[in-house]
Amino acid sequence: MRNALSHLGMAGLYALLFVGLLPAPAHEATPPKTVAEALKPFVDNQTLAGAVTLVADRGKVLHHEAIGYADVSGQRPMLVNALFWIASMSKPITAAALMILVDEGKVKLDDPIEKYLPEFKGQWVIAEMGKDQLVLRKPKRLVTVRDVMNHTSGLAFRSAMETPTIDVLSLQDAVRSYALTPLNSEPGTKFVYSNAGINIGGRIIEVVSGMAYEDFLDKRLFGPLGMKDTTFWPNGEQLKRLAKSYKPGKDKTGLVETPIVHLKYPIADRKRGPCPAGGFFSTASDIGAFCQMVLNDGEYNGKRILSEKAVKQMTSRTTEAGVKANWGVGWSITGDGEFGHGGAFATNMSVDTKRGLVFVWMVQHNGFPGNGGQSQAAFRAAARELYTAK
């Protein structure tokens with residue numbers, strides 16, 4: 001398995017992690033009576049610091065609970081309103097904001113991105129690459145909005161200028177750096193998980209709406225959904241609720257605190273660039289509201305946020321027939337009637353349309369010691385057992 005993973009590269013590893021492909025428990029025991037009962041063994045053996053879990057149906061929250069610690073060494077208990085860096089769970093949020101403009105007829109998914117961002121005119125694709133030379137050619141077709149939102153644009157994961165963190169550039173400058181970089185493959189032909197593509201979607205929102213990306217989301221998505229804790233730049237009060245992040249110790253056991261190495265500190269500094277592909281912080285309740293809106297075909301508490309057509313486009317396969325990966329607009333299609341997305345520090349959200357349930361898993365782990373990686377599967381198994389209508 002280790003040898004197989006070594007050939008995937010950074011983008012491939014990110015993709016496997018972000019869509020929530022976690023190992024299932026080795027065996028099934030007696031079904032737990034509560035979700036906390038299913039997760040307590042992981043906290044007790046110090047393979048999971050703590051978690052906030054949420055389950056909702058179309059009309060209400062069925063379960064919202066915290067377990068373990070937001071700060072292990074300080075013995076600060078995890079609370080249900082704890083704040084988490086959700087990383088690539090930002091991608092479906094960006095997709096939803098973009099689809100608001102699609103609903104309004106201001107953006108079309110099959111338009112070339114150069115229609116909205118002229119800096120992409122005259123793109124090239126790599127034809128040959130050797131040790132001492134690089135041969136470019138014109139792509140067979142232009143990159144479309146749909147391509148960038150389902151990771152088949154041919155763009156790399158990020159540009160060479162986005163270092164050492166994903167927030168080092170303004171959104172406008174980050175997108176300009178992608179336009180200067182040749183495509184790695186023909187548009188629409190190959191799946192390569194790409195922050196760059198989703199960031200382009202975010203920049204299109206800015207150009208078309210005439211508003212800063214973050215302002216558009218606050219006004220058109222977060223406000224109507226009551227997502228008061230979803231932000232790129234946590235304020236002082238929110239920082240007090242931020243769960244600490246952990247990784248395995250050197251011997252692969254125990255939990256060691258770790259910073260969010262993908263972001264520049266201090267994270268409250270608004271000079272950090274917004275990253276539509278992976279920059280948001282949020283809470284379980286905010287993410288639950290977002291997922292309920294999607295489960296309800298674009299409605300939330302009687303308010304229409306997106307059309308049913310827009311939600312179907314987001315959550316149905318849009319990758320072309322020759323591409324193995326199964327992606328919609330910003331979402332991974334994970335099964336029959338199921339779709340979801342995860343984040344780099346092991347957060348995850350998923351929607352099960354057949355059961356009519358939303359599952360939100362909020363943790364802050366850059367890897368797990370021992371069997372900690374099985375904790376999310378244990379949560380889902382318990383939640384399905386407890387909350388699926390009999």
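When both segment 157-233 and segment 32-48 are represented by their alpha-carbon centers, they are found 37 Å apart.
Counting other beta carbons within 10 Å of each Cβ, put H365, H63 in order, fewest first.
On the way: H365 26, H63 18.
The most exposed by this proxy come first: H63, H365.
Within a 10 angstrom radius of the beta carbon, how do Y265, Y116, Y300 rank from fewest other beta carbons to most? The fewest-first ordering by Cβ neighbours comes to Y265, Y300, Y116. Would you please classify the overall shape of segment 66-109 from the alpha carbon gyration tensor, given that a ≥ b ≥ c denote the square roots of the eigenvalues, rounded means a/c under 1.5, and beyond that prolate means a/b larger than b/c while oblate covers the rest? Prolate, because a/c is 1.5 or more and a/b exceeds b/c. Beta bridges assigned by DSSP with both partners in the chain are antiparallel in approximately 95 percent of cases. Taking amide H as placed 1.01 Å from N in the peptide plane, F339 has its amide H under 5 Å from the amide H of T334, V351, T353, each at least 5 places away in sequence or on another chain. Our coupling estimate for segment 79-93, obtained by passing each phi through the Karplus curve with A = 6.51, B = -1.76, C = 1.60 and θ = phi - 60°, is 10, 5, 9, 4, 9, 9, 6, 9, 6, 6, 5, 5, 4, x, 5 Hz, Gly and Pro reported as x. Computed about the Cα centre, the dipole magnitude for segment 94-209 is approximately 360 debye when only Lys and Arg (+1) and Asp and Glu (-1) carry charge, each at its Cβ. Ranked by the mean number of other Cβ atoms within 10 Å per residue, highest first, peptides 49-57, 310-318, 99-107, 160-168 order as 49-57, 310-318, 99-107, 160-168.
What is the count of Lys pairs in segment 227-311 whose alpha carbons sit under 20 Å apart, if the two are 8 or more places apart or on different chains? Please list the in-between numbers first.
Numbers: K228/K240; K228/K303; K240/K264; K244/K252; K244/K264; K247/K264.
Qualifying lysine pairs in segment 227-311: 6.
Between amide H atoms placed 1.01 Å from N, distances below 5 Å from Y300 occur with I305, all of them 5 or more places distant or on a separate chain. With both labels modelled 7 Å from their Cα along Cα-to-Cβ, the S73 to R355 distance reads 3.8 nm.
With charges only on Cβ, +1 for K and R and -1 for D and E, what is the dipole size of the chain about its Cα centre, in debye, rounded to 20?
Working: 45 positive and 37 negative charges, 53 e Å.
So the dipole magnitude of the chain works out to roughly 260 debye.
The order of M129, M211, M362, M227, going from fewest to most other C-beta atoms within 10 Å of their C-beta, is M129, M211, M227, M362.
Quick note: the coordinates plus some simple rules give every number you see, no bench work behind them. Every value quoted in this text rests on a predicted model; they were computed, and no experiment measured them. Because the Cβ atoms are built from the backbone with ideal geometry, glycine has one as well, and the counts that use them run over all protein chains shown.
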